[in-house]
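Just so it is clear, none of the values below were taken in a lab; they were calculated from the coordinates. Fair warning: this is a prediction, and the values are worked out from it, not measured in the lab. Here Cβ is always computed from backbone atoms with ideal geometry, including for glycine, and neighbour counts include all displayed protein chains.
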Ligand code: N01
């Protein structure tokens, strides 16, 4: 083999996962190196800097559980914007010296397991190669954009940006005529920025977003939260379903009277954030009646903010478009009020389907809409899509994307049978979409570190999740989903937003505490479901 740099661990991605793993693995004495496509640390917060980009998880829970970082950082917002998040990552880099062990501007295209040396070799677009015993793919769940195959898009003569490929520097929205496709978190945030300053905004909506009020707060950085509480916060956050400091109630909606329910909904709604979603009755995502109670409350609250009843019926219809919370409810600050402005219009593309793009805009079945800036807030090939630009090959050259083509299969939402010594974080079949990212990553980092230490202590060369364990875990993910309301929505949670993609639950829906228990049990039972025997050499 040619001489190429060799490490104990190679990590792809310098976002929350990459920083967390680098810190903990380094401390444990491993020689770790990161490859990152972006020019700096930050992961999703390097790429997502479209106007209004802001996190929907609240601080201080949306941060790394690393004392060197949190003890020297104070947030100024309950829900920080992308600028503050970029500053946070600059700070994390400075404190942890992530850059020292990172190759930036380096897109890894291939990761191949070698059965003889029992190592992974990664190759970058620029030809650079490196080798390691362990390969940790920490590329995030929204790394692959999705642009629908719209007829005539190339004919459009104005500017076109996908939210995830927003140009550095500003694209001034003032005085612009804007077409915006998509009403997920991204579309909602862009609408709030564009509405007050643009000449005209057409928001093309296929499915209403059942948004919750953010209740933004500004903090005085000179009077920060007592850092002595943080250690406890980080312990506590992994004991709640969503990795926050609040959790589902222990009762069903039907156990309360209508008056009691109304009081509770008012309280949750007033708190802002995700409370109305994941601090609600515990059956809200499981039981149609409980869900309808929540939806009806939400619909009353929101429609009261929209002046025109016809527009209210498009944005917050009387009949739920899908069960509340089975598609990501985004947090909004003044989203619905934008549609009370004369220059902001919602176009229901179910009532008037998109026909084609023209030089000056877009034609629906009802006529042409003219604009000079088109924003595609059309989302991502989420979770599994993040791996699609890579050739990841395990034992006997088995290809990860081929393996997942018809059905995603993992063990513990972190490993894959026949891909030895490989972990991925915050990806498919983990609590990913239903958890605060840094909380989920905290749990996964511990498991990965424990596994590597176990192998080092016991002089084990490689691990491989067994096919049986993978099958059992994957089957459970599907069975859990089938007992919930999630299959009733077409969402990226289930891969249903991408034409042709298998529709299946792509997340672990039992919540973070159950996931923590499962990982603890696996460890206690000597890594059950994992084969530490030497990997067989290919027979040709
Ligand atoms: O993407 P999305 P996103 N014709 O997939 C529509 C995280 N995130 O970028 O709902 C017309 O949610 C599509 O319509 P429909 C967060 O986890 C977080 O907004 O499929 N419309 C939908 O409205 C989030 O959930 C933050 O019917 C079409 C939109 O495009 C995830 O990323 C901020 C269409 C896509 O919405 C993804 O969010 C941003 C078509 N052919 C992102 N195809 C924060 O934390 C798609 N659409 C704040």
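At-a-glance table
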| read-out | value |
| --- | --- |
| Linear extension gain, residue 220 paired with residue 450, 0.36 nm per residue minus alpha-carbon span | 79.0 nm |
| Theoretical gain in end-to-end length, residue 289 to residue 319 [0.36 nm per residue, Cα-Cα removed] | 9.5 nm |
| Compactness of region 361-520, expressed as Rg and Dmax over alpha-carbon positions, Å | 18.6, 69 |
| Least to most buried among 45, 73 (fewest other Cβ within 10 Å first) | 73, 45 |
| Sites residue 160 and residue 197, calculated FRET efficiency, Cβ-Cβ separation with R0 25 Å, nearest 0.05 | 0.80 |
| Ascending count of other beta-carbon atoms within 10 Å, so fewest first, for 188, 530 | 530, 188 |
| Helical mean residue ellipticity (222 nm; -39500 (n - 2.57) per DSSP H run of 4+; nearest 500) of the chain | -8500 deg cm²/dmol |
| Rotationally averaged projected area of the chain (alpha carbon convex hull; nm²) | 25.7 |
| Rounded tilt (10° steps) of 82-96 against the dominant C-alpha axis of the chain | 20 |
| Residue 252-residue 110 pseudo-label distance in nm [points 7 Å out on the Cα-to-Cβ vector] | 5.6 |
| Rough spin-label spacing in nm, given labels placed 7 Å along Cα→Cβ, for residue 528 and residue 296 | 4.4 |
| Degrees, to the nearest 10: 16-27 long Cα axis against longest axis of the chain | 30 |
| Cα-only Debye scattering, region 470-535: base-10 log of I(q)/I(0) at q = 0.16, 0.20, 0.25 Å⁻¹ | -0.67, -0.87, -1.08 |
| Where labels lie 7 Å past Cα in the beta-carbon direction, separation of residue 484 and residue 401 in nm | 2.8 |
| C-alpha long axis of helix 288-303 to longest principal axis of the chain, angle in ° | 50 |
| Residue exposure sequence - 415, 474, 425 - by fewest surrounding Cβ within 10 Å | 474, 415, 425 |
| Two-site FRET efficiency, residue 340 against residue 231, from Cβ-Cβ distance with R₀ of 45 Å, rounded to 0.05 | 0.50 |
| Cα pair distances of region 212-324 binned at 5 Å [whole percent] | 2, 11, 17, 19, 19, 13, 9, 7, 4, 1, 0 |
